[in-house]
Amino acid sequence: MYNPIIIKHFTEPTHVGVLTSPDDVIELGNPICDDRLIMHLKFDEARRVLDAKYQAYGCATAVATGNLFCEYVLGKTPQEVLSMPEEEIPTMLGELAPSQRHCIELLGQLFCHFKGYRS
Amino acid sequence: MKQNYAALFAQLKQHGLDPMGAVTASQAELYRMPYQTQQEIKGWLIAENFRFHYENNAYYRELSESYHVGIDDIKSYEDIIKLPLIPVKRFKQSNSHQLLSKGLGDIELESRSTGTSGIPSVTRRCKRTMDRVFQAVAGVYREFFRFSKGGILFLMPSADEMPEMGMVKALTVLSGMVDTAPCIFKEMNFSSEEAIDILESWANKHERHIVGPPFLINRFLQYLEKNDIRLHLDRQTRIITLGGWKRFTGMECNRKVFNQRCAEYLGIKEDQVRDMYGLVEGNMLAVECSKQAKHVPPWVHFSVRDLDNLAKEVPLGERGLLAIIDPLTETYPSFILTEDVVYLDKTIECACGRVGQKVNYLSRISGAELGCCAINLERQMSEKGTLEEDACLMNN
């Protein structure tokens, strides 16, 4: 049911937690299944992501999505984060069962949030 | 007589058979065994299950060690009180993967329940656990409702609409036991007229049953009352409720009035209304018999703890905090300290002929969030504007 990417990020999370003084907080939720994701981000002077922490409540895939995205953005500027072609974003989560595919949207929303940093 | 079952179960295991499966397949017999025999059986199953989690779950082993409980300390029913308990809140934490005694790759199903905080409690189950859960739940339904035909009208979301909601999953198992089981609840609403049409179309064709959380059946009763409609359902009709009587507003449906309204507007006897108690983190349902006593499945131990000293059980009949000790799951240790205040009936024998613990729910513990699938559903209906208030059936 779970691919190796989801298993790794769910069972060996590296970015769970909160930052004491984050530069930004992303809060996302799915009103139907009640998945909730809260992400704290800290940027350095060059606008690179210095640190990223998350707390996720919900299915294993949603939890894994939080960790995977933190890992992906670390050390990147918003432009670098957004250099990922949109069609490739879903592939970051690997092959998902139908009941897990709502997390592609969750991941898309996280990328979408970074578009706001470009201006 | 003691130790007979322990030897039998050990032999079954040796021969590659699952003792837990043998027990859940023998519910009619088990509910009528002497309580001492039930204790011997559940004691063995719980000790075996403890051993499994101790050996396969680093988090639980560490928890056990912190309580100075080792693998040889839990051997029989008498040792159950020593089992380290997992607070039910732990299932809401973002590191709940630590609860797993099996790898995520073994997980087959995630179920959830969400209370007023909006943070879901997620439970994960592996294939072996799902095999046992389906057998146990279907067996409980067979034992208490004896369904093999008829029609069930579901007044709740379908599994298609809310596949992960624990309450929906548990009740949907009933649908395969009858001839027809439509769900008319769609997009957070249902039509009482449609419900009446369906029930009337089944007259002289199917025994008619209604299943759902109390507040939705309550809403149907309210419609019947408002329009002075009295249905005449069947002698074998069951009105089956799950999800609790507390409303998301903090008010409560009055069970006694609910029963009376069911009798008056559905044309049944009050004892045809059967409530159930369960929680998504558990793997069991305590189902009401014809005497409206909620029977704890004989393989599960309900340990009611002293509110001032959680290490101590209170005597039968006294209120306390419920710990559910369930040997059914291999996915996570189902030794759970709930946030529900309950008491157990003083008598072990029931007038219905069954033997065992009987639970009575009182309230949530002070400070706990209101939490269950039904309350979450009601909250969503309220947000969508499809919830109608019914002052006449509520009290504080």
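Just so you know, all these numbers are worked out from the coordinates, no wet-lab data involved. From a predicted model like this one, the values you see are computed outputs, not experimental measurements. Every residue, glycine among them, receives a Cβ derived from its backbone with ideal geometry; neighbour counts consider all protein chains shown.
Using the Cα centre of chain A as origin and beta-carbon charges of +1 (Lys, Arg) and -1 (Asp, Glu), tell me which of A:Thr14, A:Met84, A:Ala60 is placed farthest towards the positive end of the dipole.
The residue sitting most towards the positive pole is A:Thr14.
Given a Förster radius of 41 Å and the C-beta distance between B:Ser148 and B:Tyr67 as r, what FRET efficiency does 1/(1 + (r/R0)^6) yield to the nearest 0.05?
0.35
As a footprinting exposure proxy, order B:Val168, B:Val296, A:Val16 by other Cβ within 10 Å, with the fewest listed first.
The most exposed by this proxy come first: A:Val16, B:Val296, B:Val168.
In debye, nearest 20: dipole of the protein assembly as shown around its Cα centre with unit charges on the Cβ of K, R (+) and D, E (-)?
1060
Can you list which of the GluC sites (Glu not before Pro) found in the stretch A:56-119 are DSSP loop residues with at most 13 other C-beta atoms within 10 Å?
Filter output for the stretch A:56-119: A:Glu95.
Going by the alpha-carbon gyration tensor, a ≥ b ≥ c the square roots of its eigenvalues, is the stretch B:208-247 rounded (a/c under 1.5) or, if a/c is not under 1.5, prolate (a/b greater than b/c) versus oblate?
oblate
If the chain between B:Leu310 and B:Leu12 were fully stretched, how many nm would it gain, using 0.36 nm times the residue separation less the Cα-Cα distance?
Between B:Leu310 and B:Leu12, full extension yields an extra 103.7 nm.
Add +1 for every Lys or Arg and -1 for every Asp or Glu among the other residues with Cβ under 15 Å from the Cβ of A:Thr11, and state the total.
-1
Helix B:192-201: angle to the longest alpha-carbon principal axis of chain B, degrees 0 to 90, nearest 10?
Approximately 90 degrees, to the nearest ten.
Pairs B:Lys246/B:Lys358; B:Lys42/B:Lys346; B:Lys127/B:Lys312; B:Lys92/B:Lys312; B:Lys127/B:Lys186: which are spaced more than 23 Å apart, C-alpha to C-alpha?
B:Lys127/B:Lys312; B:Lys92/B:Lys312; B:Lys127/B:Lys186
Dividing the alpha-carbon radius of gyration of chain B by 2.2 N^0.38 Å (N being the number of residues), what value is obtained?
In units of the 2.2 N^0.38 Å rule of thumb, it is 0.98.
Most fluctuating residue of B:Ser382, B:Ser201, B:Ser76 in a GNM of chain B with Cα springs under 10 Å: which is it?
Largest GNM mean-square fluctuation: B:Ser201.
Starting at the first residue of the stretch B:292-297, write each ³J(HN,Hα) from the Karplus equation 6.51 cos²θ - 1.76 cosθ + 1.60 with θ = phi - 60°, in whole Hz, x for Gly and Pro.
Values, residue by residue: 6, 9, 8, 8, 6, x Hz.
First select every other residue whose beta carbon is under 14 angstrom from the beta carbon of B:Glu270; then total the charges, Lys and Arg +1, Asp and Glu -1.
Around B:Glu270, the charge tally is +4.
Take the Cα atoms of chain A, find their three principal axes, and give me the spread along each one in whole Å, biggest first.
Sorted from largest, the Cα extents of chain A read 42, 31, 27 Å.
Tilt of helix A:60-73 relative to the longest C-alpha principal axis of chain A, in degrees (0 to 90, nearest 10)?
That works out to roughly 30 degrees.
In nanometres, what is the gap between the two model label sites at A:Lys115 and B:Lys346, each 7 Å from Cα along Cα-to-Cβ?
6.9
With +1 on each Lys and Arg Cβ and -1 on each Asp and Glu Cβ, how big is the dipole of chain A about its Cα centre, in debye rounded to the nearest 20?
100
Compute the acute angle (0 to 90°) between the alpha-carbon long axis of helix B:255-266 and the principal axis of greatest extent of the alpha-carbon atoms of chain B; round to the nearest 10°.
With rounding to tens, the tilt is 40 degrees.
What shape does the stretch B:2-77 take by its C-alpha gyration tensor, where a ≥ b ≥ c are the square roots of the eigenvalues and a/c under 1.5 counts as rounded, a/b above b/c as prolate, and the rest as oblate?
It comes out prolate by the Cα gyration axes.
Given labels modelled 7 Å from the Cα in the Cβ direction, how far is it in nm from B:Lys226 to B:Glu108?
Result: 4.3 nm between the two label points.
Quick check on the protein assembly as shown: what does the Kirkwood estimate of hydrodynamic radius come out to from the alpha carbon pairs, in Å?
For the protein assembly as shown, inverting the mean 1/r across all distinct Cα pairs yields 24.6 Å.
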